[in-house]
Amino acid sequence: MKLIQSRDNPFFKLLKRLAESGRERRKTGQTLLDGVHLVEAYEAAFGPVDTLIVAESAPAGGEVAGFVEGRETVVLADSLMRDLGLVDTPSGLLALIKTPHANATVNRKKDAILIDGVQDPGNVGTLLRTAAAAGIKQALLSPGCASPWSPKVLRAGQGAHFALAIHEECDLAGFMASYEGTTAVTCLDDATSLYGAKLDGPIAWVFGAEGQGVHPELIAAAGLRIKIPMPGAVESLNVAAAAAVCLFEMVRRRLG
């Protein structure tokens, strides 16, 4: 095992850049996974990770120690692992990976989730997880979204990333204009109840930013405007909750 203790170490500097910069992740085609669960999910889909990195104290026992036993690892001093600031509660195990599906092309004939300007990493990760659970295979993110391959989004996605073709910095309006199924957006004005809407064929679902919702030009471009009936005393749902309601109503129809 190689022990790294200096902040000036080139490999640590790479890890730091990947932890902090979406541009760096896109440029290198690499990212970092935190925790045994994510590493296992990645390896189940793509095979062994490029590099395993453990905190200096992690091999003393527990889940991480059992997972890395017999495997080649790079060891970071605990202070360096904390300095990376990947997630609020780091596990002590990281993996350096190549970003999957980097060369995938969008499919204009299949279901998709389009994420418009959602900046909260937890919401982006949960949207991806919900889409994957509903059987959707591709996600398109507009500029301004939280970086989908950031460690916090990966943690929230819980492995969903490895079941999706994820496209960043997308022209959502352009995709919608050429989509060969139904484009559906949630909004309040001039909208049909989700439970009365026609949900046949492939659907590209558009979900928008936490505060402002979907941009007006995307609402105007959508073939179907949907509202979720809410008889209770609140006016709106969290974007990830709204997506779950819509996507699993689609699932329910298809299973029925």
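A few notes on this one:
- Extent along principal axes [Cα atoms of the chain; Å; largest to smallest]: 61, 33, 32
- Rounded to 5, the percent of DSSP beta bridges in the range 1-153 classed as antiparallel: 45 percent
- Under 14 Å, Cβ to Cβ, from D78 - net charge with Lys/Arg +1 and Asp/Glu -1: 0
- Enclosed volume per residue, in Å³, of the convex hull spanned by Cα atoms of the range 14-94: 95 Å³
- Ratio of the Cα radius of gyration of the range 113-166 to 2.2 N^0.38 Å, where N counts its residues: 0.94
- Surface share of carbon and sulfur [accessible, 1.4 angstrom probe, percent] for the chain: 49 percent
- The chain - mean residue ellipticity at 222 nm from DSSP helices (-39,500 (n - 2.57) per run, n ≥ 4, rounded to 500): -10500 deg cm²/dmol
- The chain: angle of helix 10-20 to the longest principal axis, Cα-based, in degrees nearest 10: 20 degrees
- Rounded to 5, the percent of DSSP beta bridges in the chain classed as antiparallel: 25 percent
- Stokes-Einstein translational diffusion, the range 200-256 - Kirkwood Rh over all Cα pairs, 1.567 mPa s, 4 °C, in µm²/s: 101 µm²/s
- Once backbone amide H atoms are built at 1.01 Å from N, D111 has I203 as its partners under 5 Å, excluding neighbours fewer than 5 places away on the same chain.
- The charge dipole of the chain, taken about the Cα centre with unit charges on the Cβ atoms of Lys, Arg (+1) and Asp, Glu (-1), comes to about 480 debye, rounded to the nearest 20.
- Using θ = phi - 60° and Karplus 6.51 cos²θ - 1.76 cosθ + 1.60, couplings along the range 176-181 (whole Hz; Gly, Pro as x): 4, 5, 9, 5, 9, x
- The local environment of Y195, defined by Cβ-Cβ distances under 12 Å, has a net charge of +3 under the rule Lys, Arg +1 and Asp, Glu -1.
- Amide H contacts under 5 Å for T186: V206, I226, restricted to partners 5 or more places along the chain or on a different chain, H placed in the peptide plane at 1.01 Å from N.
- Simple point charges give the picture: +1 on the Cβ of Lys and Arg, -1 on the Cβ of Asp and Glu, and for the range 105-256 a dipole about the Cα centre of about 640 debye.
- Neighbours of G29 by Cβ distance under 14 Å: Lys/Arg scored +1, Asp/Glu scored -1, total +3.
- Pairs from the list K27/K137; K110/K152; K109/K152; K27/K110; K13/K98; K98/K152 with a Cα-Cα gap above 20 Å: K27/K137; K110/K152; K109/K152; K27/K110.
- The residues of the chain present an accessible area of 47 Å² per residue when probed at 1.4 Å with all protein chains retained.
- Ranked order, K152, K16 - accessible area, probe 1.4 Å, largest first: K152, K16
- Computed log₁₀ I(q)/I(0) - Debye formula, equal Cα scatterers, no solvent, the range 126-218, q 0.15, 0.24, 0.25, 0.26 Å⁻¹: -0.64, -1.49, -1.53, -1.57
The values are calculated or read from the model by the stated rules, or taken from the named source; none is laboratory data. What you see is a predicted model; the values in this text were computed from it and never measured. Using ideal geometry, Cβ is built from the backbone for each residue, glycine included, and neighbour counts are taken over all protein chains shown. The accessibility values were calculated without ligands, DNA or RNA, using every heavy atom of the protein model including side chains. Shrake-Rupley method; radii C 1.70, N 1.55, O 1.52, S 1.80 Å.
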